[in-house]
1. Without any contact (Cβ under 8 Å) to a residue 40 or more places away in the chain and in contact with a Gly (Cβ under 7 Å, 6 or more places away or on another chain): which single residue out of S159, S63 fits that description?
2. Within region 217-227, how many residues are crowded, with 22+ Cβ neighbours inside 10 Å and either over 14 Å from L290 (Cα atoms) or of a type in the set (A, V, I, L, M) (or both)?
3. Being open to solvent by less than 30 Å² (accessible area, probe 1.4 Å) and polar (S, T, N, Q) is the filter here; which residues of region 405-462 pass it?
4. I'd like to know if region 465-484 contains one or more residues that are more than 25 Å from S392 (Cβ to Cβ) and crowded, with 21+ Cβ neighbours inside 10 Å.
5. For region 1-110, which fully contained helices (runs of 4 or more DSSP H) count at least 2 residues that are closer than 23 Å to E517 by Cβ and at pLDDT below 95?
6. Within region 26-45, work out how many residues are surrounded by fewer than 20 Cβ atoms within 10 Å (Cβ to Cβ) and in contact with a Lys or Arg (Cβ under 9 Å, 6 or more places away or on another chain).
7. Of the residues G359, G374, only one is touching a Pro at 6+ places or on another chain (Cβ under 8 Å), small (G, A, S), within 23 Å of F313 (Cα to Cα) and surrounded by fewer than 23 Cβ atoms within 10 Å (Cβ to Cβ); which?
8. Give the number of residues within region 271-324 that are in a helix (DSSP H, G or I) and of a type outside the set (K, R).
Amino acid sequence: AFREQLAEKRRRGQLPGAVRFLVCADPPGPRIGNGGSTLHALQCLEHQYGDQWASFTVLLIHSGGYSQRLPNASALGKIFTALPLGKPVLQMLELKLAMYIDFPRHMRPGVLVSCSDDLELYSATETLTFDRPGFTALAHPSDPAVGTTHGVFVLDPCSFSGKGGLEYGSCYRFLHKPDVETMQQSGAVCVRERCPQPSCPGSRGAAGAECVYTDSVFYMDHGTARQLLAFYKQVGPLCCEIDAYGDFLQALGPGATPDYTKNTRNVSREDSGLVGVRQQLYSLLQGTPLNVIVLNNSQFYHIGTTQEYLFHFTAESKLRFELDLQPVAFSIFPDTAKPLDQLSIIQSILEPGCVVGPGSVVEYSRIGPEVSVGKGSIVSGSCINFSADIPSHCFLSSVSVRMPDRVQYVTMAFGVGDDLKRSVTSLSDIHSLQFFGASFPECLDLWSIEASEQLFSSKDTRLGLWTARIFPVCSTLSESVRMSLNMLNSVQHKSAFTLSGFQLLSVEEMLTYKDVEDMLKFRKQIYDEICLQRQKEKS
């Protein structure tokens with residue numbers, strides 16, 4: 001998926017031509033997390049370039065995994081998430097490259113690691129320099145509540161003055177998704193008027209004045225990268241998920257302890273061997289410096305969930321203001337589809353007569369004249385050329401799938417708040433799963449589907465919406481949308497809609513059978529039609 005999209009961007013001249021691009025897929029087998037992917041990417045660099053990579057400055061961006069919290073990015077990757085900005089629209093990859101464009105000139109050989117679903121905006125008169133041994137991480141002031149879902153730096157007060165927009169210093173200890181009490185007891189909480197001087201453990205300061213410094217991007221020099229690569233070669237294929245932030249950075253700083261190696265509270269899946277690998281990483285990295293670049297005039301934005309996606313693209317968010325995100329970006333859009341200020345239309349064609357409700361996002365789609373999209377919904381990669389009322393707060397995303405003899409289509413449909421990561425281990429517990437506001441067994445009854453182990457595609461005991469075989473395979477894109485909308489309407493109105501007779505896939509299986517070429521072809525058709533329309537308007 002990523003190689004094809006990178007190739008298309010290079011053909012269009014949207015990527016710098018002199019830069020080397022390398023796509024590294026995770027090795028087959030168990031999931032290895034973004035930490036395991038980082039280690040594997042280092043090995044791919046060595047295989048591809050030999051000792052030459054010792055002189056490289058590398059930007060390593062994780063493509064986004066399964067993207068279960070933002071499934072319209074699952075098939076093609078979060079790094080190719082479209083933004084309502086530019087003509088043609090920019091994707092996260094282009095924005096990342098633009099944000100980091102000055103870094104290589106002030107970076108010694110090494111690796112800068114970034115996620116694909118976050119943006120770091122900052123204002124500084126000085127240049128950011130990555131030239132110190134060990135690790136160097138960017139730190140952003142955040143509310144303590146934000147720190148509970150991110151990494152938090154316990155800064156060394158002796159290395160900071162607390163003045164200016166940018167400061168270099170050292171980190172005493174790194175906390176991974178700590179609770180507020182742990183942040184306070186560790187000295188991570190600062191009072192903004194005198195940051196980064198830590199407040200006394202347990203103190204609360206003035207209302208709204210407290211902050212913590214959270215993580216985003218980190219750099220490791222080449223020597224440290226080689227050290228990690230040697231470790232990866234020694235331990236062999238990983239059988240557990242390693243976190244590049246939690247399992248690398250928690251081992252750093254003079255205040256680091258091995259206690260975190262046994263703490264699996266923030267692990268989505270505890271695999272055998274995880275604690276052992278963590279302990280080996282701790283022994284390997286203990287004593288390695290953790291330098292911090294504190295950006296006091298900065299903001300960290302995460303766009304990794306449906307709620308964040310809708311908020312930043314359609315509400316009065318700071319990100320929308322700072323990047324000047326547009327309500328209509330590179331689209332054919334009729335005036336009758338207003339209001340314009342509270343929605344986001346991205347590289348789509350909407351015909352006169354259609355209506356899009358406030359707070360909704362439509363991307364890479366064709367919407368016919370008799371279509372009404374409700375409030376707070378997401379429609380992605382779909383063709384709706386029939387009369388349809390799309391409910392509020394629903395999620396629709398179509399995927400091309402390569403079946404044995406031809407390309408076919410499946411459209412996943414959920415509520416935007418449905419938890420696709422949640423799973424249970426027994427059929428007797430699937431009543432705790434919620435689909436579009438209803439219990440999952442109730443939905444199965446409405447669709448005439450029997451609850452059995454064969455209903456789920458997972459090879460282990462993970463039974464959830466992600467692995468449930470409930471979405472019909474159809475011969476056309478529009479028909480797949482129609483069938484999935486019928487499923488939603490069935491649940492919404494408590495009316496029967498039988499799915500017997502259809503071949504049914506889970507989201508997990510859609511990604512296994514996805515046809516990237518056909519999905520990109522559909523996007524290209526929309527792109528070409530918009531370009532043609534713009535040429536006509538100019539002439």
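The values are calculated or read from the model by the stated rules, or taken from the named source; none is laboratory data. Source: prediction; values computed, not measured. Because the Cβ atoms are built from the backbone with ideal geometry, glycine has one as well, and the counts that use them run over all protein chains shown. Ligands, DNA and RNA are stripped out before the accessible areas are found, and what is left, the full protein with its side chains, is counted by its heavy atoms. Shrake-Rupley method; radii C 1.70, N 1.55, O 1.52, S 1.80 Å.
1. On the way: S63 fails: without any contact (Cβ under 8 Å) to a residue 40 or more places away in the chain.
Going through S159, S63 in turn, the sole match is S159.
2. Residues in region 217-227 being crowded, with 22+ Cβ neighbours inside 10 Å and either over 14 Å from L290 (Cα atoms) or of a type in the set (A, V, I, L, M) (or both): 3 in total.
3. Scanning region 405-462 gives Q408, T411, S452, S457, S458.
4. Start the filter on region 465-484 by keeping residues that are more than 25 Å from S392 (Cβ to Cβ), which leaves 467, 469, 473, 475-476.
Now drop any that are not crowded, with 21+ Cβ neighbours inside 10 Å, which leaves none.
No, region 465-484 contains no residue that is more than 25 Å from S392 (Cβ to Cβ) and crowded, with 21+ Cβ neighbours inside 10 Å.
5. Ranges flagged: 2-11, 92-99.
6. Of the residues in that region, 2 qualify.
7. Details: G359 fails: touching a Pro at 6+ places or on another chain (Cβ under 8 Å).
Only one candidate passes the filter, namely G374.
8. 24
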